[in-house]
Amino acid sequence: MKYALIGCGRISPNHLEAAINNDLEIVGLCDLVLEHITQLLEKLEIKNPEFKQYINYHEMLQEQKPELVAIATESGEHAKIALDCLEAGCHVIIEKPIALSLEDADKIIAKAKEKGLVVCANHQNRFNKSIQRIRKAVEDGDFGKMMYGTAHIRWNRGPDYYKQAPWRGTWAQDGGALMNQCIHNIDLLRWMMGDEVSEVCAYTDNLNHDFIEAEDLGLAIVKFKNGSYGMIEGTTNIYPKNLEETLYLFGQKGTVKAGGKSVNIIEEWCFEKAQENAEEVKQKNSEMPKNVYGFGHTPLYKNVIEAIKTHTKPLVDGEAGRRALELVLAIYKSAAEGKPVKLPLDKCSTMDFVGRFKV
């Protein structure tokens, strides 16, 4: 399967490695700055590549006609590039978030359906061993009635991080901590707790990053349609470095905690009907990745390739990407309006919140 990558920045090594691990035929890399491609190839120790390098993705799509394209540019460009790739007949993997507005997410989903193509939102943490095992417990009904869950993302991002790429922290191209750093765990919380949300009540603020437009702290309570609740705490203010990312799930008959760098470790595992030894479950389903990106890209790519071949939906399809985006935007909307927000949302964009915090 012919593969191309658009955007060769911070997350691109994970994408290219995943493509290589899945034996995809790499036909092109594209970035507005050719030096970024050079740095990517050096990092992965790829010498004398047979594929071409581009600064114009339209040219790459026309010349190479890839079957699968991964989009790893700044978030504000995801939708436009995805729509162009779909129009060219390419299946797409879109780095999170799938878009920065619900209208754009809906356009992507509609275009993929019209063309009969696969869209995957790159929420790779769903493929963590820990998360896969927890999800099985949810689907098997081991928790009984789910009562509530919590997602905590306690990380640090300083001035240097934002200087590396000026689009970060802007409403037009990124959003803040919730949209960029926290959306993975927000996706997991929604997925585990039943997906359908009825109401969100939230606060957001910019406490320590007066050089960005968006938030560095978000606190939210989520009410799910099935009667359960969720709590979200996301920040990039933790001193002096990333502390943890955790996901708690509390049911009538079970308690689970996933933690580590990127919810890649099962730290608590307790069920009324214990089918496996808790310590064995923890040991078999925990990983120690070198960074917060984890090991999920390779299995995510495998899942997408299988979906393309079998004409089925990938685990994280366009609708799943939209749901994660919708929840973040609902938090932004509730915080901005100072009141609870009902879901579903039909229209909302990061651009609705321009000027929310003084820069």
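Observations, loosely collected:
- Whichever residue in the range 120-153 is assigned to a loop (DSSP other than H, G, I, E, B) and in contact with a Phe, Trp or Tyr (Cβ under 8 Å, 6 or more places away or on another chain) and, among such residues, is surrounded by the most Cβ atoms within 10 Å (Cβ to Cβ): ASN128
- Of all residues in the range 101-141, those satisfying the criterion of being of a type outside the set (A, V, I, L, M, F, W, C), in contact (Cβ under 8 Å) with a residue 24 or more places away in the chain and within 24 Å of ASP346 (Cβ to Cβ) are SER101, GLU103, ASP104, ASP106, LYS107, LYS111, LYS115, HIS123.
- Within the range 239-255, residues that are farther than 18 Å from MET288 by Cα have Cβ atoms under 8 Å from residues that are modelled with pLDDT under 95 and assigned to a loop (DSSP other than H, G, I, E, B) in these pairs: LYS253/LYS273, counting only partners at least 6 apart in sequence or on another chain.
- The lone exception for ARG154 - which of (1) over 29 Å from LYS358 (Cβ atoms); (2) touching a residue at least 24 places away in the same chain (Cβ under 8 Å); (3) not polar (S, T, N, Q) it fails: (1)
- Lone qualifier among ALA202, ALA172 - being of a type outside the set (Asp, Glu), in a strand (DSSP E or B), more than 19 Å from VAL263 (Cα to Cα) and in the same structural domain as MET146 (by TED's automatic domain parsing): ALA202
- Qualifying strands (runs of 3 or more DSSP E) (wholly inside the range 1-66; at least 3 residues being surrounded by 16 or more Cβ atoms within 10 Å (Cβ to Cβ) and out of contact with any Phe, Trp or Tyr (no Cβ under 8 Å at 6 or more places or on another chain)): 2-6
- Residue within the range 225-233 that is in the same structural domain as TYR332 (by TED's automatic domain parsing), charged (D, E, K, R), closer than 30 Å to MET351 by Cα and surrounded by 23 or more Cβ atoms within 10 Å (Cβ to Cβ) present: no
- ASN303 satisfies every condition listed in (1) among the polar types (S, T, N, Q); (2) assigned by TED's automatic domain parsing to the domain that holds PRO13; (3) loosely packed, with under 12 Cβ neighbours inside 10 Å except (3).
- Residue, surrounded by the most Cβ atoms within 10 Å (Cβ to Cβ), within the range 75-104, restricted to residues that are assigned to a helix (DSSP H, G or I) and under 14 Å from the mean Cα position of the chain (by Cα): HIS78
- Selection count where residues are hydrophobic (A, V, I, L, M, F, W, C) and surrounded by fewer than 21 Cβ atoms within 10 Å (Cβ to Cβ), scope the range 203-220: 4
- Selected residue (criterion: surrounded by the most Cβ atoms within 10 Å (Cβ to Cβ)) from residues of the range 320-359 that are within 25 Å of PRO159 (Cα to Cα) and among the basic types (Lys, Arg): ARG356
- Counting only residues that are in contact with a His (Cβ under 8 Å, 6 or more places away or on another chain) and at pLDDT below 95, the range 246-262 holds 1 of them.
- Residues of the range 240-258 satisfying the condition of being touching a Phe, Trp or Tyr at 6+ places or on another chain (Cβ under 9 Å) and part of a strand (DSSP E or B): GLU244, GLU245, TYR248, LEU249, PHE250, GLY251, GLY254, THR255, VAL256, LYS257, ALA258
- Residue that is touching a Cys at 6+ places or on another chain (Cβ under 7 Å) and more than 21 Å from ALA112 (Cα to Cα), where the choices are ILE26, ILE37, ILE46: ILE37
- Of note, LEU243 does not satisfy the criterion of being within 22 Å of PRO97 (Cα to Cα) and hydrophobic (A, V, I, L, M, F, W, C).
The values are calculated or read from the model by the stated rules, or taken from the named source; none is laboratory data. This is a predicted model, so every value here is computed, not measured. Note: ideal-geometry Cβ built from the backbone for every residue, glycine included; neighbour counts use all protein chains shown.
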